[in-house]
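Comments concern the structure below.
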Amino acid sequence: MDLISYLKDQIEFLTEQFKQAESDKDVTMKYIVESRLDEAKKIKKAIDDGTINSLS
C-alpha cells in the first residue's frame with residue numbers, strides 16, 4: 001500500500017470515528033480523533049502540493 005492510499009484510508013476511517021464520537025458525545029475521543037484527522041489531512045495536502053515528494 002502506498003502512502004496516498006494509506007492516508008486516504010486513514011482519513012476515511014478517522015472521519016467515521018469522529019462522527020461516531022460526536023454522536024456519542026465523547027469529547028475526549030472526538031479531540032483525539034480530530035487531532036489525528038487534521039494531521040493526516042495536512043500530510044496529504046503537503047504531498048498533493050509537492051512539498052513532500054519522498055520518504056527517507
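Could you list all residues from segment 22-51 that are of a type in the set (Gly, Ala, Ser), more than 15 Å from the chain's Cα centre (by Cα) and either at negative phi or in a helix (DSSP H, G or I) (or both)?
Hit for segment 22-51 is SER23, nothing else.
Of all residues in segment 14-56, count the ones that are among the aromatic types (Phe, Trp, Tyr) and either in contact with a Cys (Cβ under 6 Å, 6 or more places away or on another chain) or open to solvent by 90 Å² or more (accessible area, probe 1.4 Å) (or both).
Adding up the residues that qualify gives 1.
The values are calculated or read from the model by the stated rules, or taken from the named source; none is laboratory data. Being a predicted model, the structure only gives us computed values, none of them experimental. Positions of Cβ are backbone-derived with ideal geometry, glycine not excepted, and every protein chain shown enters the neighbour counts. Protein only, heavy atoms only, side chains kept; ligands, DNA and RNA dropped before computing areas. Shrake-Rupley method; radii C 1.70, N 1.55, O 1.52, S 1.80 Å.
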